[in-house]
1. Being loosely packed, with under 15 Cβ neighbours inside 10 Å, among the basic types (Lys, Arg) and closer than 17 Å to GLY106 by Cα is the filter here; which residues of the range 29-83 pass it?
2. Would you check which residues across the range 16-37 are without any contact (Cβ under 8 Å) to a residue 60 or more places away in the chain and touching a Leu at 6+ places or on another chain (Cβ under 8 Å) and list them?
3. Whether any residue in the range 143-166 is within 17 Å of ASN108 (Cβ to Cβ) and touching a residue at least 40 places away in the same chain (Cβ under 8 Å) is what I want to check.
4. Can you tell me which residues in the range 1-12 are charged (D, E, K, R) and either assigned to a helix (DSSP H, G or I) or in contact with a helix residue (DSSP H, G or I) (Cβ under 9 Å, 6 or more places away or on another chain) (or both)?
5. If we scan the range 72-85, do we find a residue that is aliphatic (A, V, I, L, M), out of contact with any Asp or Glu (no Cβ under 9 Å at 6 or more places or on another chain) and outside any strand (DSSP E or B)?
6. For the range 13-56, name all the residues that are in contact with a Ser or Thr (Cβ under 8 Å, 6 or more places away or on another chain) and assigned to a loop (DSSP other than H, G, I, E, B).
7. Any residue at all in the range 149-160 that is part of a helix (DSSP H, G or I), of a type in the set (Lys, Arg), assigned by TED's automatic domain parsing to the domain that holds LEU41 and out of contact with any His (no Cβ under 8 Å at 6 or more places or on another chain)?
8. When only residues in the range 88-107 that are assigned to a helix (DSSP H, G or I) and free of Cβ contacts under 8 Å to residues at least 60 places away in the same chain count, which is surrounded by the most Cβ atoms within 10 Å (Cβ to Cβ)?
Amino acid sequence: MEYIKVEESDGVAILTLDDPDKRNAINLEMNDEICEVLHELEESKDVGALIVTGAGKGFCAGADLNDLLAARERENIQDIYRGFLRIADSSLPTVAAVNGAAVGAGMNMALACDVIVASDSAKFDSRFLQIGIHPGGGHTWRLLARTNFQTLRAMVLFGEVLRGPDAYRTGLAWACVPDEKLMEEALTIAKRAASYSKDLTQMTKIALQELPSIDSSEDAVQHEVVPQVKSMESEEFTQLVQRLQDKISSKSPSKY
């Protein structure tokens, strides 16, 4: 792989965007590599969660400018977005460990993940309008889903940039930690998700993705019935419940 590197730790794959001289800007080859490796990781029995981060001082500076200019001549501008859209559609629980600037499409790369952990020096910068282009890749929808209309407008229309602590304050990031603690925090979160059944997390992610279409309590209950019953049919569920029962029984006072 030329533009990304992947390593594994305790069931967690760490995907690092690895073009630090260009602040890890997204090019078409990088997108190809992301799509290829995501398939491999999802199929692996040893990987239960994914962390996405950037090499060097930046997370991702957005789309490569040459590819962005050329996209005007393409029938499908989504070529630029394939990488982070593939991450957004992943069956793995995903954590963005944002270690520096996440700009434009690079901010989309972070927004594509289930959870964002930011360092103190992280910087979230929409920047689409500043370079004369309308937001793309679902940017406004993803940003609104995590924050609110005022934060959305401030960042997109008025060019406000959020540092790590403010990203946490507005809900854009789940947590903000000192720079040196970033990967430790991201791994702590990701390892917990990786400890669960891979089939179970996959079913849960599908259910979560469909939540926006639900608008009543009855529909919400029915939405979860089928996957919940399916999960209860698993051997893992039976074993976990048995262990819990044994633990409770061992703590119960003797009758004699």
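1. LYS57
2. Quick first cut of the range 16-37, residues without any contact (Cβ under 8 Å) to a residue 60 or more places away in the chain only: 16, 18-22, 27-37.
Of everything in the range 16-37, those that are without any contact (Cβ under 8 Å) to a residue 60 or more places away in the chain and touching a Leu at 6+ places or on another chain (Cβ under 8 Å) turn out to be MET30, ILE34, VAL37.
3. Within the range 143-166, not a single residue is within 17 Å of ASN108 (Cβ to Cβ) and touching a residue at least 40 places away in the same chain (Cβ under 8 Å).
4. Listed by number, the residues that qualify are GLU2, GLU8, ASP10.
5. Step one: list which residues in the range 72-85 are aliphatic (A, V, I, L, M), which gives 77, 80, 85.
If we keep only those that are out of contact with any Asp or Glu (no Cβ under 9 Å at 6 or more places or on another chain) as well, we get 77, 85.
Narrowing further to those that are outside any strand (DSSP E or B): 77, 85.
Taking every residue of the range 72-85 in turn, at least one turns out to be aliphatic (A, V, I, L, M), out of contact with any Asp or Glu (no Cβ under 9 Å at 6 or more places or on another chain) and outside any strand (DSSP E or B).
6. Across the range 13-56, the qualifying residues are GLY48, ALA55.
7. Of all residues in the range 149-160, those part of a helix (DSSP H, G or I) come to 149-156.
Then drop every residue that is not of a type in the set (Lys, Arg), which leaves 153.
Checking which are assigned by TED's automatic domain parsing to the domain that holds LEU41 leaves us with 153.
Applying the additional criterion that residues be out of contact with any His (no Cβ under 8 Å at 6 or more places or on another chain) yields 153.
Checked against the condition, which is being part of a helix (DSSP H, G or I), of a type in the set (Lys, Arg), assigned by TED's automatic domain parsing to the domain that holds LEU41 and out of contact with any His (no Cβ under 8 Å at 6 or more places or on another chain), the range 149-160 yields at least one hit.
8. Out of the qualifying residues, it is MET107.
The values are calculated or read from the model by the stated rules, or taken from the named source; none is laboratory data. This is a predicted model, so every value here is computed, not measured. Backbone-built Cβ (ideal geometry, glycine too); neighbour counts: all protein chains shown.
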